[in-house]
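The block underneath contains the structure these notes are about, expressed in structure tokens.
Any read-out appearing in this document is the output of simple, stated calculations on the displayed coordinates, not a laboratory observation. Source: prediction; values computed, not measured. Neighbour counts are summed over all protein chains in view; Cβ atoms, including those assigned to glycine, are modelled from backbone coordinates with ideal geometry.
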Amino acid sequence: MKTMFRFLLLILVTLPLASCADKKDTARCSVQLDEQKYSTVAENSGCTNYQRASGYLGQAGVSFGNFLKTGAMDNLTKTLGISKLSLATDYTTGNRGYVTKALCLIGANSIVKSSRCDGSSSNRATDELEISMFANIADLIYLNYGVLDTDLNGTLSETETKAFTSLSTTGVDSSGGGTDLSSSNRFEVVGGGTSYISNSDLSKCVTYTDNFTDNASSGSNCVAKAISDGVTITKIRPIIKLDNMTDITGGSSLTSRIAMVSELTTLSNALEADFTALGLSSTNNLRKSLSAGLSKLDNGAKSTKNNGTCVKVAVFDVMYLLVQDPADNSTTSSGLKSKNLISLSDLENSVDSNLTYPNVSGYTITDARLIYATDSPATTYTDSFEKAESSLYTAMKNTRSLGTEASVKGDGKVSFREIICIDEN
């Protein structure tokens with residue numbers, strides 16, 4: 001947690017210094033900020049939006065004077081005046097109300113134009129981008145501790161994160177537990193922009209038109225067909241049938257978790273936009289220093305306690321990897337080609353190490369294609385997960401609601417996968 005405190009002190013020192021550089025005749029506002037008269041500045045329409053937002057953040061506990069108090073660094077929840085949030089969309093309880101007011105003044109359009117603010121878009125000055133960046137980071141911290149730190153002691157314990165995530169992972173493992181996967185004994189054969197569906201030895205191929213569930217029984221030799229079409233076969237993908245999977249959400253109410261994932265996505269994307277607008281690339285040292293304050297949260301779904309392997313994420317990923325990017329009822333025939341794909345190494349190492357499929361020599365296989373059962377016991381299949389058998393569809397839909405973005409350590413974004421790894425960091 002020390003990196004987070006050092007980061008917050010960087011913010012606190014920066015705010016009053018930057019406020020003095022405003023070109024407008026707002027010297028009085030700058031002096032009042034230095035005097036910690038935050039409410040006076042925040043409510044004064046004669047001050048700049050940058051200064052007013054700084055005032056609101058000061059009221060939210062993000063102030064240098066606040067961190068000079070005895071014991072201030074022992075409990076972030078107490079120091080920032082973080083209150084328990086009933087939902088991630090609770091924007092006004094406790095000091096988060098002041099963070100909201102700051103963001104509604106200088107935040108990204110995605111926040112300013114949302115129901116949180118109901119404002120209109122505007123062009124922001126560079127200094128407003130800076131304070132927006134700080135406000136987003138402060139809100140990410142407030143959001144996570146306000147929702148997860150149920151006893152408000154400044155520590156996110158395993159008990160607290162478990163209570164929030166409450167995943168049902170009994171029987172789920174990388175040996176295929178929790179899933180019912182099997183080979184269809186068919187391949188997708190790719191040549192240039194053309195796809196074919198073939199049988200197990202490529203002796204029969206039909207050209208893909210609008211689905212990958214064709215059995216290819218009436219086709220001709222794949223290599224000959226590709227030559228006839230003027231294309232060269234570059235890759236093949238085994239087509240894998242998904243008949244069933246465990247609903248790791250347990251079928252319980254997802255309202256609080258969906259709201260949390262939505263807020264994390266909104267704030268993370270807004271922070272990413274501010275970093276980009278300020279010219280801070282992912283490799284920029286200043287950005288890395290700023291993001292270091294979120295290191296416990298923005299952990300890349302990796303553990304510092306278990307040699308990089310986050311135990312909970314490893315189990316979660318068994319299902320997560322199957323729902324990352326499925327086709328739905330709105331997917332076009334051309335769009336379907338890039339959906340329902342999963343890395344073969346992920347499929348074999350993380351989801352089902354016992355999965356087998358036909359071996360075709362001479363071709364490198366890097367990924368596989370999924371199709372979904374439409375009935376139980378499974379006899380027919382579909383490319384759209386929304387048309388899958390009801391229990392399979394529910395399990396996929398519920399798992400997807402927990403977020404399907406990849407997790408990268410230190411990128412300024414916080415995902416559900418990273419939340420469940422907090423207590424392992």
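Could you tell me, in Å, what Rg and Dmax come out for the Cα atoms of the stretch 341-425?
16.5, 46
If I build a Gaussian network model for the chain, linking alpha-carbon pairs within less than 10 angstrom, which residue out of 179, 246, 232 has the largest mean-square fluctuation?
Looking only at 179, 246, 232, the largest GNM fluctuation is found for 232.
Given springs between every Cα pair under 10 Å in a Gaussian network model of the chain, which of 368, 125, 53 has the largest fluctuation?
Between 368, 125, 53, it is 125 that shows the largest mean-square fluctuation.
What is the calculated FRET efficiency for residue 69 to residue 380, with r their C-beta to C-beta distance and R₀ = 60 Å, to the nearest 0.05?
For R0 = 60 Å, the calculated efficiency reads 0.35.
Between residue 151 and residue 122, what is the label-point separation in nm under the 7 Å Cα-to-beta-carbon projection?
Taking the two extended label points, one gets 4.4 nm.
Cα gyration tensor of the stretch 59-181, axes a ≥ b ≥ c as square roots of the eigenvalues: rounded (a/c below 1.5), prolate (a/b > b/c) or oblate?
Oblate shape, in that a/c is at least 1.5 and b/c is the bigger or equal ratio.
Given labels modelled 7 Å from the Cα in the Cβ direction, how far is it in nm from residue 255 to residue 387?
3.4 nm
Against the longest alpha carbon principal axis of the chain, how many degrees, from 0 to 90 and to the nearest 10, is the axis of helix 311-320 turned?
50 degrees
Provide Rg and Dmax in Å for the chain, with only Cα atoms included in the calculation.
My reading of the Cα-based Rg and Dmax gives 25.8, 83 Å.
Once you put a point 7 Å from the Cα of residue 309 and another 7 Å from the Cα of residue 405, both along the Cβ direction, what distance in nm separates them?
For residue 309 paired with residue 405, the spin-label model returns 2.8 nm.
Provide Rg over Rh for the stretch 317-358; use the alpha carbon set for both Rg and the Kirkwood Rh (inverse mean inverse pair distance).
Taking Rh as the inverse mean 1/r over Cα pairs, Rg/Rh reads 1.05.
Once fully extended, how much extra length lies between residue 262 and residue 166, figured as 0.36 nm per residue of separation less the alpha-carbon to alpha-carbon distance?
Additional length available on full extension: 32.8 nm.
Run the numbers on the stretch 301-425 and let me know its relative contact order in percent, using alpha-carbon pairs under 8 Å that are six or more apart.
35 percent
With springs connecting C-alpha atoms under 10 Å apart, model the chain as a Gaussian network and identify which of 32, 59, 51 has the largest mean-square fluctuation.
Comparing 32, 59, 51 in the GNM, the peak value goes to 32.
Could you tell me how many degrees, from 0 to 90 and to the nearest 10, lie between the Cα long axis of helix 2-19 and the main elongation axis, the longest principal axis, of the Cα atoms of the chain?
Helix 2-19 sits at roughly 60 degrees to that axis.
log₁₀ I(q)/I(0) of the stretch 127-170 at q = 0.15 Å⁻¹, via Debye over equal Cα point scatterers, no solvent, to two decimals?
With no solvent term, the Cα-only Debye profile gives -0.50.
At a Förster distance of 56 Å, what's the computed FRET efficiency of residue 28 paired with residue 360, Cβ-Cβ distance as r, to 0.05?
E between residue 28 and residue 360, to the nearest 0.05, is 0.15.
Considering the alpha-carbon set of the stretch 136-216 alone, what are its Rg and its Dmax in angstrom?
24.0, 66
For the chain, with only Lys/Arg (+1) and Asp/Glu (-1) charged at the beta-carbon, what is the dipole magnitude about the Cα centre, in debye rounded to 20?
840 debye
Express in whole angstrom the spacing between the alpha-carbon centres of the stretch 207-239 and the stretch 75-134.
Measuring centre to centre over Cα atoms gives 53 Å.
Does anyone have the angle between helix 49-59 and the longest principal axis of the chain? Alpha-carbon axes, 0 to 90°, nearest 10?
With both axes taken from Cα atoms, the answer is about 80 degrees.
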